[in-house]
Amino acid sequence: MPGLRNVLKLSALSLLALSLAACTTQPQSGAAMTQYVNNQVVSARVQRALVTDPAMKDVNVATVRTGTVQLGGTVASKQDEQRAVDVARHTLGVSMVEDNIVVRGGQAPASQ
């Protein structure tokens, strides 16, 4: 039975090591986790505001820093691009917008 006991101990230690290794991909502190969730909420708010407009179906949203959202994807006109930026700017939790939207037809994104 000593051999079985050692195998069980080794298995338990291996499982613990794997569990700890998996945890390293998540934010390490309560504050980091809160910030991660807040960033996801801000992105979701912007995306929800844009999804109601069919012209914005190809616009992507990501929160890159606290309060800063990045818009990407494509739109048909400069007016659509500006509308997407305006919607994002006026969304609760957004303090800055990085505009990387490409207007179909080759126009570069407006500088922010």
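Rule-based calculations on the coordinates, nothing more; no lab input. Keep in mind that what you see is a predicted model, and the values were worked out from it rather than measured.
For E98, the residues whose amide H sits under 5 Å from its own are V69, Q70, L71, ignoring neighbours fewer than 5 places away on the same chain, with H placed 1.01 Å from N.
Pairs of alpha-carbon atoms within less than 8 angstrom and 6+ residues apart define the contacts here; what relative contact order does the stretch 30-103 have, in percent? If you can, show how the numbers build up before the last one.
On the way: 114 pairs, mean separation 23.3, N = 74.
31 percent.
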